[in-house]
Structures are given as structure tokens and as C-alpha cells.
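The structure under discussion appears below in the form of C-alpha cells.
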Amino acid sequence: MAERVEQRLEDRVPELEQLERVGLFTHEEIRAVLKKATALEYKIQRRALRKEDFINYIQYEINLLELIKKRRARTGYSFKKDEIESSIMHRVHSLFKRATGKWKEDVQLWLSHVAFCKQWNAKHQLSKVFSTMLAIHPNKPALWIMAAKWEMETRLSSESARHLFLRALRFHPECPKLYQEYFRMELMNAEKQRKEKKELERAKMNVEEFNYSEKILNGEMAHIIYRDAVQKIKGVEFRLALLSIAKLFDFTHDLQKEILESLQAEYADNPLMWDYMARRELELGSLQSTEPTTKQMKVSEMTQREERCSAVFEEAVTAVPTEDMWKCYITFCLERCNRKTNSEELKQKRLERTLSVFSKAHESSLLPEALYKQWLKLLLESSLSQKAAEVAEAATKRFSPSVEMWQMRLQVLIQLKSDSVTQCFEEAFKHVKGSKGTLPLWILWVEWSEVANSKEDTEALYQKSLHAIAPAESVTMKEKYLDWAYRNGGYKKVRRVFTSLYESRPLSLDFFRKMIEIEKEQESCKMLHLREYYERALREFGSADSDLWLEYIKEELSHPQGKPENSGSIHWRAMKMLQGDQVEDFISKYTLLQTGHL
């Protein structure tokens with residue numbers, strides 16, 4: 001092992017001598033580099049190899065390259081790169097090769113080598129890395145795409161990129177992303193060749209000598225990929241993805257037309273197809289007409305485009321009367337409604353259209369539950385309070401077991417200061433009885449009652465909620481009840497509530513902490529009471545919360561009525577009760593507390 005290390009260090013000597021001779025490094029720096037390299041070499045020559053050692057060595061060499069680059073820029077010296085940088089880069093490649101040979105399954109290691117090759121422009125080496133990596137990891141489409149993109153964009157080799165995509169598709173014949181990127185590559189290649197041909201024609205050179213293929217120039221390769229892809233991969237989303245790629249190129253009108261026609265023929269009942277066709281009307285307007293000059297003309301043009309979109313959507317909801325189709329239509333309307341405009345006329349038309357579509361979807365009983373909330377928000381923002389109340393009522397009739405629907409309706413009634421809020425709450429709990437997650441309704445009810453009803457009614461409501469909701473949800477209500485009791489009845493009241501609630505489990509740690517906080521706020525804060533709260537809390541949570549023990553110890557040490565001698569027994573109890581990582585956490589924090597750093 002020592003001989004191998006010595007040999008590798010001797011191989012470094014020429015580059016280190018050059019670094020010192022040309023003045024990029026001092027003699028002391030060279031010695032430091034050699035010392036560090038020796039330590040790193042010994043680590044990677046051991047029998048039990050560790051990945052971290054290779055990564056550290058590689059990172060050190062890369063840092064060295066970066067430092068040399070900065071020194072060259074500062075001194076203006078640009079010679080001897082073959083003797084210095086090339087030697088270091090060769091060593092980095094060798095380290096990567098050993099590491100990836102040992103840990104073949106580590107994709108991140110391969111990608112690090114790829115990144116290094118790209119950063120230092122090692123094209124020949126990168127080609128080899130891609131080849132080896134793909135032989136070991138042919139099951140990862142993203143790696144094939146990365147390699148093909150590099151061949152196309154950096155090496156400017158469309159043939160190599162095409163070859164890689166075809167190989168990848170043999171391994172992954174039904175991978176949408178591979179087809180999309182292959183499709184994009186062929187269109188990019190066609191565009192590049194069209195530009196080259198145009199430049200040659202402009203220079204009045206003989207284009208025929210260059211043997212440009214008309215099929216490639218016209219995007220025929222992309223046509224072939226599209227037809228092959230749609231036979232293997234079904235779904236409107238895939239075709240729309242290919243169409244969006246084709247639209248980036250100005251010579252693909254025939255291809256776009258073919259994709260559109262196939263979409264309309266094969267997916268006439270798919271909401272996404274209709275959504276695309278409707279939204280397309282916005283773009284068609286800008287392509288077909290000259291740009292409007294005046295503000296009024298612009299508004300008029302936009303109004304016409306949106307009306308055309310709306311007409312397609314109206315046709316769509318008739319042809320495909322489903323919730324998803326209405327959702328697409330409403331989403332479009334909301335997007336346009338939220339779009340900023342200085343025209344009050346256009347803003348009003350958008351609002352009217354959106355409200356009208358909401359109403360139609362509701363009348364058809366095809367408005368999804370999630371969209372009722374947005375409808376109500378829009379109605380309230382438009383000061384249509386009465387209509388909002390009617391919609392909220394209709395929503396709860398249609399989705400009567402839904403807690404969220406009742407919550408929305410009650411929020412509307414509270415906002416409108418309606419007289420029927422209590423009646424509506426009672427009605428809600430009749431319909432959601434047995435449903436999970438009724439806590440939001442109870443919280444809304446008690447919060448409204450705190451403002452609108454007497455203290456007696458509110459307390460009765462808190463007590464009613466504790467019996468009605470699930471034990472797990474009652475924890476939150478107990479915390480709220482405790483807080484309300486203190487705000488409205490003072491210290492004596494909150495003590496009584498705490499005592500009554502303590503017997504009813506489950507309880508939360510915040511419940512006890514709230515009571516401790518209340519006790520500390522009193523002018524005559526009694527350690528006896530604090531001790532009681534901490535002891536009760538520790539019975540429930542002493543095995544899982546080290547901070548609670550520490551807070552108890554700090555209280556005994558700092559409170560005027562505290563007993564510092566108790567801290568030892570509290571510490572002993574904590575060590576017996578705490579489990580797992582909490583023990584170590586407690587020991588370290590207790591040590592800091594003793595030294596006065598906590």
C-alpha cells in the first residue's frame with residue numbers, strides 16, 4: 001500500500017514543480033498540498049474502502065483546480081496548462097472511474113462525474129462516461145435524455161442523439177417523456193438545418209452540394225415519431241404535450257393540424273381536449289388579426305376573443321355534461337376574472353360571465369363541492385350578500401354531510417349578522433352527526449357565541465362540545481375553554497375549569513402549559529400551584545418530553561418559594577421516566593443549565 005501511495009505522489013511532482021516555478025503557488029503551499037494529498041491517498045488505498053473518502057479526495061482536487069484558475073486570472077499567466085490542469089483532471093477522472101466502478105448503483109456519483117466533465121469541457125471523457133453509465137443504468141429514462149441532449153446541443157450531433165433516443169425507446173417503449181424529448185430534438189434539428197439552408201441561399205451558394213433532406217427540413221421525422229408514439233401511449237395529456245412542443249416551431253402547421261384533428265376525433269368526450277380547444281381561441285385572435293391600436297379597440301378585441309372561448313365552452317358542457325367539464329369552464333372564467341384590466345366594462349363582463357357559469361353549473365347539479373367556496377367568495381366581494389346566503393343554503397342541501405359546506409354557510413350568515421345562526425348550527429349538527437372532523441364547526445360556534453351570546457350560554461356550549469366531539473378533537477376545545485374561562489372569569493374561574501377538565505382525558509401538553517403560564521401571570525404566583533401543574537403534566541407526558549422536566553427544575557431553582565434541593569430528585573425521576581433520544585437530550589441540556597448556559 002505504501003509503495004502505491006509513494007508512486008502516485010511521485011506522479012504529482014512534475015505538476016507541483018511547475019506550479020511553484022511559474023509562481024502560481026509558493027513553496028509552503030506546495031508542501032501543504034503534498035501533505036494533504038498523502039493523507040487522502042492513504043485513505044483510498046485501504047482494504048475497506050469508503051465512498052466518502054473518494055468524494056473528499058475528488059472535491060479537494062476540484063477545489064485545487066478552481067484555485068489555480070483564480071490564480072491564473074489574477075496573475076495573467078495562461079501557459080503550462082497541459083502539465084498542470086490536464087494532469088489534475090486526469091487524476092479526477094481516474095478517481096471517479098474507481099468510485100463508480102466500486103459503487104455502480106450510486107447514480108448521484110455518476111452525475112457528479114458528468115457535471116465535472118461539463119464544467120471543465122472534457123467532451124471526449126464525457127462521451128465515455130455517458131456510455132458506461134447508460135450500460136449500467138439503462139432503466140432510467142432521465143439519463144438517456146440527458147445524454148441525447150448533450151449530443152444534440154453541445155456536440156451538435158443529431159445522428160448520435162437520434163441513436164441514443166432509439167436505444168432508449170427499446171428499453172422504455174411506453175415512456176411519454178422520452179417520446180416528447182425525441183420529438184423536440186427532431187424539430188430542433190429541422191429548424192437548425194432550415195436556418196443553415198437559408199443562410200447558404202442568402203450567400204448565393206450551391207445548396208444542392210450539402211444534400212439537405214427535404215423530409216428532415218419539413219419535420220417529417222417528427223411526424224413519424226408522433227404517429228409511432230400515439231399508438232403506444234394513450235391519453236389526451238400526452239398529445240397536448242406534443243402539440244405544445246410543435247407550436248414552438250413556425251414550420252409545423254401541418255403537424256399541428258394533424259394532432260388537433262386526431263384529438264377532436266378520438267377524444268371528443270374528454271374535458272381536457274375541449275378546454276384546450278376553447279383556450280386556443282384566445283391565441284387565434286392574436287394570430288389572425290392585426291394588433292389593435294386604441295385602448296377601446298384592444299378591449300373590444302379581447303372581449304370578442306373571450307366570447308369565442310365561452311362559445312366553445314358552452315358547446316363543450318352540452319356535449320360533455322360532467323363535473324370535470326364544468327370545472328374547466330369555471331376555472332377559465334375565474335382566471336379571466338382575476339386578470340388585471342383598466343377597463344371597467346371588460347371587468348364587469350367577466351364577472352357577469354363567471355357568475356352566470358356558476359349558476360348554470362349549479363342548476364345542472366354538476367358544480368363540484370370545492371368550487372362552491374369560490375362562488376361564495378365572489379358573491380360576497382361583489383356585495384351580493386342575499387344571493388350568497390341562497391347559494392350557501394343550496395350547497396348544504398346538496399352536500400348535507402359535508403362539514404366544510406356547513407362551515408361556509410355559517411360563515412356567510414355570521415358575516416351578514418343573520419338572526420338564524422343558532423338555528424343553522426343546530427341544523428348542521430343534525431346532518432353531520434357521525435361525520436369525522438366536526439371540530440371546525442364547534443370552534444366557529446363557540447367563537448361566534450363569545451361575541452353574540454351571554455357567558456352562561458357560551459360556557460354551556462363549551463361543555464356541550466366536549467361531550468359531542470371525538471376524544472382526539474376534544475383536546476383543542478379544552479385548550480380554548482381554559483383560555484376563555486381566564487379571559488371572562490379570571491383566575492378562580494380558570495382554576496375550577498382546569499380541575500374539572502383534568503379528569504377528562506385525553507389532554508395536551510399545551511393545556512398544562514397554558515395553566516402554568518396563567519399562574520405565572522398572577523401577582524401572588526404560588527409555587528405550590530405550579531408544582532401541582534407540573535406534576536400532573538409529567539404524569540401524562542413525562543416519558544416523552546425532556547423540556548418539561550427542565551422547566552420544572554428551573555422553576556424550583558428560580559421561584560422565590562421554590563426548593564432548589566428538589567432539583568436532584570426531579571433529575572433522578574426524569575432519568576428513570578424518559579425514553580430513547582430524550583434521555584441524551586435531557587442530559588446535555590441539564591449540563592448546560594448547571595453551567596449557567598441555559
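The values are calculated or read from the model by the stated rules, or taken from the named source; none is laboratory data. Predicted, not measured: the structure shown is a model, and the values here were computed from it. Positions of Cβ are generated from backbone atoms using ideal geometry, with glycine treated the same way; all protein chains shown enter the neighbour counts. Accessible surface areas use protein heavy atoms only, side chains included; no ligands, DNA or RNA. Shrake-Rupley method; radii C 1.70, N 1.55, O 1.52, S 1.80 Å.
Among the residues of the stretch 282-315, just one is of a type in the set (Gly, Ala, Ser), open to solvent by less than 40 Å² (accessible area, probe 1.4 Å) and modelled with pLDDT of 95 or more, namely 310.
Selection within the stretch 498-521: residues that are part of a helix (DSSP H, G or I) and of a type in the set (Asp, Glu). The member of this set that is nearest to residue 542 (Cα to Cα) is 510.
Examine the stretch 316-323 for a residue that is of a type outside the set (Ser, Thr, Tyr), at pLDDT 95 or above, open to solvent by 60 Å² or more (accessible area, probe 1.4 Å) and in a loop (DSSP other than H, G, I, E, B), and state whether such a residue exists. There is at least one residue in the stretch 316-323 that is of a type outside the set (Ser, Thr, Tyr), at pLDDT 95 or above, open to solvent by 60 Å² or more (accessible area, probe 1.4 Å) and in a loop (DSSP other than H, G, I, E, B). List, please: which pairs have Cβ atoms under 7 Å, are six or more places apart or on different chains, and start with a residue in the stretch 504-528 that is over 20 Å from residue 463 (Cβ atoms) and aromatic (Phe, Trp, Tyr) and end with one that is open to solvent by less than 90 Å² (accessible area, probe 1.4 Å) and not in a loop (DSSP other than H, G, I, E, B)? From residues that are over 20 Å from residue 463 (Cβ atoms) and aromatic (Phe, Trp, Tyr), the pairs are 512/533; 512/536; 512/537. Looking across the stretch 491-511, the residues that are open to solvent by 20 Å² or more (accessible area, probe 1.4 Å) and more than 41 Å from the chain's Cα centre (by Cα) come down to 491, 492, 493, 495, 496, 499, 500, 503. Scanning the stretch 39-56 for residues that are over 15 Å from residue 88 (Cα atoms), in contact with an Asp or Glu (Cβ under 9 Å, 6 or more places away or on another chain) and part of a helix (DSSP H, G or I) turns up 43, 44, 51. Checking each residue in the stretch 537-568 for being surrounded by fewer than 18 Cβ atoms within 10 Å (Cβ to Cβ) and aliphatic (A, V, I, L, M) picks out 544, 557. When the residues of the stretch 245-281 are narrowed to those that are among the hydroxyl-bearing types (Ser, Thr, Tyr) and part of a helix (DSSP H, G or I), which ends up surrounded by the most Cβ atoms within 10 Å (Cβ to Cβ)? The qualifying residue surrounded by the most Cβ atoms within 10 Å (Cβ to Cβ) is 276.
Taking the listed residues 112, 87, the one that is open to solvent by 10 Å² or more (accessible area, probe 1.4 Å), part of a helix (DSSP H, G or I) and at pLDDT 95 or above is 112, with no other qualifying. Note on the stretch 21-52: residues that are surrounded by fewer than 16 Cβ atoms within 10 Å (Cβ to Cβ) and either touching a Ser or Thr at 6+ places or on another chain (Cβ under 8 Å) or among the small types (Gly, Ala, Ser) (or both) amount to 4.
Summed over the stretch 429-453, residues that are free of Cβ contacts under 8 Å to residues at least 24 places away in the same chain and either open to solvent by 30 Å² or more (accessible area, probe 1.4 Å) or in a loop (DSSP other than H, G, I, E, B) (or both) total 6.
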